[in-house]
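The values are calculated or read from the model by the stated rules, or taken from the named source; none is laboratory data. It should be emphasised that the depicted structure is a prediction, and the values quoted were computed from it without experimental measurement. Virtual Cβ from ideal backbone geometry, glycine too; neighbours counted across all protein chains shown.
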Amino acid sequence: MGNDHRATYRYTAVEQRELDSLRQRYAQTPPEQRLEELREIDRAVTRRATVWAVLIGVAGTLVFGVGLTLVLSFGFMPAGIVVGCIGIAVMAAMPALYGEILRREQRKAAPQPRKDKPEEIKT
């Protein structure tokens, strides 16, 4: 009778919606994990995906610039067009690449259920 030692957390309606949204993104999240921990995980995941997306986007822009330079400065029309199109393709693919990077990072960051919990002793 009364040996139930559980911690309960109360959140506002806004925090509860955010918590549900974050838990849905990371389906394996154990229910006892706190909202702040989930926010930090989400920030880290989106930060990594954003950094990779920006780096790849900048690389695509530089390749496009090289193609443009080949055409305008050196007169190498066929080579410049090919290189420029490769840069455009990389830049056009960035939204899809960002989404894929984000999903991959979310799968890697999804917390695993805790294994260090002590087992209940039944009396």
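Listing for the model above:
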{"quantity": "Flag if residue 51 is at pLDDT 85 or above and surrounded by fewer than 11 Cβ atoms within 10 Å (Cβ to Cβ)", "calculated": "no"}
{"quantity": "Every residue from the range 62-111 that is of a type in the set (A, V, I, L, M, F, W, C), farther than 30 Å from residue 25 by Cβ and not in a helix (DSSP H, G or I)", "calculated": "74, 76"}
{"quantity": "Some residue of the range 88-105 being modelled with pLDDT of 95 or more and over 20 Å from the mean Cα position of the chain (by Cα)", "calculated": "yes"}
{"quantity": "Residue satisfying all of: in the range 78-103; touching a Leu at 6+ places or on another chain (Cβ under 8 Å) and among the aliphatic types (A, V, I, L, M); surrounded by the most Cβ atoms within 10 Å (Cβ to Cβ) among these", "calculated": "83"}
{"quantity": "Residue in the range 1-38 that is modelled with the lowest pLDDT, counting only those that are more than 18 Å from residue 102 (Cα to Cα), of a type in the set (Ser, Thr, Tyr) and surrounded by 10 or more Cβ atoms within 10 Å (Cβ to Cβ)", "calculated": "9"}
{"quantity": "Positions within the range 64-78 being of a type in the set (A, V, I, L, M, F, W, C) and in contact (Cβ under 8 Å) with a residue 12 or more places away in the chain, in sequence order", "calculated": "64, 66, 68, 70, 71"}
